[in-house]
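Trainee: Encoded as C-alpha cells, here's the structure I'll be asking about.
The values are calculated or read from the model by the stated rules, or taken from the named source; none is laboratory data. In this text, all values refer to a predicted model and were calculated from it rather than measured experimentally. With ideal geometry, Cβ positions are generated from the backbone for all residues, glycine too; neighbour counts draw on all protein chains shown. Remember, those area values only see protein heavy atoms, side chains included, never the ligands or the DNA or RNA. Shrake-Rupley method; radii C 1.70, N 1.55, O 1.52, S 1.80 Å.
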Amino acid sequence: MKSSERTDGATSRRDFLKTAVGAAVGGAVGVHAVSAAAEPVKTYMPSTAAGMARVIGANDRIHIGHIGPHWEGQGGVHARFLMQHAKEWNVEYVAIADIYTVHLQEAQQHIGLKDNQCHIDYREMLEKHPEIDVVWITTPEHWHAQQTIDCLEAGKDVYVEKPLCKGVEPALKIKETVERTKRVLQMGTQGATDPTYHRIAELINSGKYGEVVWARGSYCRNTPSGEWDYYPLEPQATEENTHWHIFEQPCKHKHPFSKDRFFRWRKYWSYSAGIQSDLFPHVLAPFLIAIGKIEWPRRVVAAGDLLLQKDREVPDTVHMIIEYPSQFTVVLSGSTNNDHGYTPTICTNKATIEFAMFGGGNIQIIPQSPYADQVDPLNEHVPGASEAIDNHEKNFLDCVRDRTKVPNANVDLAAKVQVAIGMGEIAYRENREVLFDTERLRLI
C-alpha cells in the first residue's frame, strides 16, 4: 500500500537550536562544532533580509557559505567548480555547515577553512558570518525549504540543488519569500542554462509551428544493484556524528537511525520522491523553457510501481501526466530498470519537434502532413549546447552582481516545476488525480 505520509520541510528555529545544541558531537576532528556543554546559540539575525544584504558591485568579491558540502557528493561537485573558478569569478568560501561531522571535516580540509568557519548548525553559520553573500544548498530534499527560507530571510542569495524542495506548499512559501525579500534564487537544474531549449522557445514563439498540444520526455537509468545504492554506507557513521535527530527533524514520523536512510535517502518518502523529485526536474524545467509557457500545473496524475528494486519505498518505474491551463500536456516517464527512454518531443498542431537533451544540442522539426505546404523541415545544431554545472553557477553569480538579470532556473520556474512534482508525488502515493487552483495557488 502506498504511504500517505507527507512532510513539508518546515521546522522551527527554536526546535532546531534546541536539538542541535544538545547533541554530542562524535567523530569531529579539527572542526568547530556545537557540543552538549555549549551555551545556547545567540541569534543576531535581523527582522528583515535588507538588514544583512550587501550591495555587490561588479568588481566586489562574492562571499560563499555552503550547507551540505559533501566532498564526494553533489556538494563537492559544486565546491570544486567554485574553487576552480574562484579567481575568474571573484568568489571566496567563508563558511560551511554540515550535520555529519566526517563530511564537515573532509570539506574543511579540501576547501581550506579554519575551525571557526565550520559549523554543524547552518543557522549558526548565518549568524556568525554576516559577510556571506550567497549560500549553496546541497542537502537532502526534505531540508531544502527551511534552509532556503532561512537564508533568504537572512539577506542571502541562494543556489539550491534540485528539486526546489519537497512538497507543494513549501514551494509556494519559497516563491513568496524570494519576492518579498528581493533575493536571487537559482535551482540547480543546469539544463535551464543549455541554449538548446531557449532556441526551441524562439522557434515555437515565432508562430510558424502553431500551438503546442503536448510533449513527452523521460529520464531513465539501468542500475542492477539498485538506484542510489551506489552511495556507500560509511562505516564510521553513527547516530551521534550524523546528528540523526537533526536529519529527521522535518519528518512527520520519526525513524530509528539507519545508514541506508542517511546515505541513500532518495529511496524513502520521508526525504524524497525518488525518480519524480531527483530526475524529473531535469526534464520538466527545460521542457517548460522550450515550450515558452512557464505555468502552474492544473491537474496531475501518476502511476508506477516497485517492479524489481524492492529495498525501498519509492517506485523504480513511474509515469506522470501534467495538464496546464494553456491546454497542453507534458508526459514524463522514468525507470531505473531500463535506460531506454523517449526521444524528447514537443508536438504542435503543425509540426513535431524532436531534440537531444543533456547537452546534445540537436533540433529537428518535422512538418505535420496537413501543414507540409506551410512548414519547412529543419535540422539544426545549437552552438554552445551544454549542461555544464559551472555554466549554470556562472549564470547565477552574474545575476547576483546584476540584479536586473533573471537566473535561468529562477524561482518562478523552480516553484512551478516543484508544484507539479509535488502533485505527482501525491497522485502516485494516494492513487488519485490531484488538482491545483492556478488563481488562488492552492491544492484543490
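Trainee: If you roll a 1.4 Å probe over the chain with all protein chains in place, what percent of the accessible area is carbon or sulfur?
Mentor: Result for the chain: 51 percent of the exposed heavy-atom area is carbon or sulfur.
Trainee: Please calculate how many Å² of accessible area the chain carries per residue, with a 1.4 Å probe and no DNA, RNA or ligand atoms counted.
Mentor: 40
Trainee: Once fully extended, how much extra length lies between Asp373 and Asn90, figured as 0.36 nm per residue of separation less the alpha-carbon to alpha-carbon distance?
Mentor: Residue separation times 0.36 nm, minus the Cα-Cα distance, leaves 96.6 nm.
Trainee: In the stretch 213-287, with Lys and Arg counted as +1 and Asp and Glu as -1 at Cβ, which of these residues, Leu284, Pro235, Ile246, has the Cα nearest the positive end of the dipole, that is, farthest along it?
Mentor: Leu284
Trainee: Would you kindly state how much longer the chain becomes between Ser258 and Glu176 on full extension, computed as 0.36 nm times their sequence separation minus their alpha carbon distance, in nm to one decimal?
Mentor: Value of the extension gain: 26.0 nm.
Trainee: Suppose every K and R has +1 on its Cβ and every D and E has -1 on its Cβ; what is the size of the dipole of the stretch 161-259 about the Cα centre, in Debye to the nearest 20?
Mentor: Values: 14 positive and 13 negative charges, 85 e Å.
Computed charge dipole of the stretch 161-259: roughly 400 debye.
Trainee: Using +1 at the Cβ of each Lys and Arg and -1 at the Cβ of each Asp and Glu in the chain, identify which of Leu397, Thr329, Ile64 lies farthest towards the dipole's positive end.
Mentor: Thr329
Trainee: Starting from the alpha-carbon convex hull of the stretch 293-444, give the projected area averaged over all orientations, in nm².
Mentor: For the stretch 293-444, averaging the hull's shadow over all directions gives 12.6 nm².
Trainee: Something else about it: Relative to the longest principal axis of the chain, what angle (0 to 90°, nearest 10) does the C-alpha long axis of helix 101-111 take?
Mentor: That works out to roughly 80 degrees.
Trainee: Taking springs between alpha-carbon atoms closer than 10 angstrom, which of Lys173, Lys310, Lys267 fluctuates most in the Gaussian network model of the chain?
Mentor: Among Lys173, Lys310, Lys267, the largest mean-square fluctuation in the Gaussian network model of the chain belongs to Lys310.
Trainee: Here is a further query. Which pairs, out of Lys128/Lys254; Lys267/Lys405; Lys175/Lys293; Lys310/Lys416; Lys252/Lys405; Lys173/Lys254, put more than 28 Å between their alpha-carbon atoms?
Mentor: Lys128/Lys254; Lys267/Lys405; Lys310/Lys416; Lys252/Lys405
Trainee: Only four residue types carry charge here, +1 at the Cβ of Lys and Arg and -1 at the Cβ of Asp and Glu. Report the dipole size of the stretch 212-289 about the Cα centre in Debye, rounded to the nearest 20.
Mentor: Details: 9 positive and 8 negative charges, 65 e Å.
Magnitude of the dipole: close to 320 debye.
Trainee: Based on the Cα gyration tensor of the stretch 229-305, what are the three equivalent ellipsoid semi-axes, each the root of five times an eigenvalue, rounded to whole Å and given largest first? Before the final figure, lay out each step's value.
Mentor: Working: eigenvalues 214, 40, 28 Å².
Gyration-tensor ellipsoid for the stretch 229-305: 33, 14, 12 Å.
Trainee: Mind pulling up the Rg/Rh value for the stretch 141-273? Radius of gyration and Kirkwood radius, both on Cα.
Mentor: 1.06
Trainee: Let me ask something additional. With labels modelled as points extended 7 Å from the Cα through the Cβ direction, what inter-label distance (nm, one decimal) is found for Glu239 paired with Leu306?
Mentor: Output for this residue pair reads 2.4 nm.
Trainee: Hey, rough spin-label estimate for Glu433 and Ala356, points 7 angstrom out along Cα→Cβ, what's it come to in nanometres?
Mentor: Reported label-point gap for Glu433 and Ala356 is 3.9 nm.
Trainee: Please compute, for the alpha-carbon atoms of the stretch 109-211, the extent along each of the three principal axes and give them in descending order in Å.
Mentor: Reported extents, whole Å, longest axis first: 59, 32, 24.
Trainee: Nearest 10 degrees is fine. How inclined is helix 74-84 to the longest principal axis of the chain, computing both from alpha carbons?
Mentor: The angle comes out near 80 degrees.
Trainee: If packing is taken as the average number of other Cβ atoms within 10 Å across a peptide's residues, how do 120-131, 379-390, 295-306, 410-421 rank, most packed first?
Mentor: With the highest mean Cβ count within 10 Å placed first, the list reads 410-421, 120-131, 295-306, 379-390.
Trainee: For Kirkwood radius over Cα pairs in Å, one of (i) 22.5; (ii) 25.1; (iii) 27.9 was computed from the structure I shared and the rest are decoys. Which label?
Mentor: (i)
Trainee: As a test, work out the antiparallel percent of DSSP beta bridges whose residues both lie in the chain, rounded to the nearest 5.
Mentor: Beta bridges within the chain, antiparallel portion: roughly 55 percent.
Trainee: From the Cα gyration tensor of the stretch 214-267, with a ≥ b ≥ c the square roots of its eigenvalues, which class applies: rounded if a/c is under 1.5, or else prolate if a/b is larger than b/c, or else oblate?
Mentor: Note, shape of the stretch 214-267 comes out oblate.
Trainee: Angle check, please: helix 411-430 long axis (alpha carbons) against the longest principal axis of the chain (alpha carbons), in degrees 0 to 90, nearest 10.
Mentor: 90
Trainee: Ratio of alpha-carbon Rg to the 2.2 N^0.38 Å globular estimate for the stretch 50-132, to two decimals, please.
Mentor: 1.07
Trainee: Convert each backbone phi in the stretch 190-201 into a coupling constant with the Karplus relation 6.51 cos²θ - 1.76 cosθ + 1.60 (shift: θ = phi - 60°), then list the ³J(HN,Hα) values in order as whole Hz, x for Gly and Pro.
Mentor: Values, residue by residue: 5, x, 5, 9, 5, x, 4, 6, 5, 5, 4, 4 Hz.
Trainee: With +1 on each Lys and Arg Cβ and -1 on each Asp and Glu Cβ, how big is the dipole of the chain about its Cα centre, in debye rounded to the nearest 20?
Mentor: Numbers: 47 positive and 57 negative charges, 160 e Å.
That gives the chain a dipole magnitude of about 760 debye.
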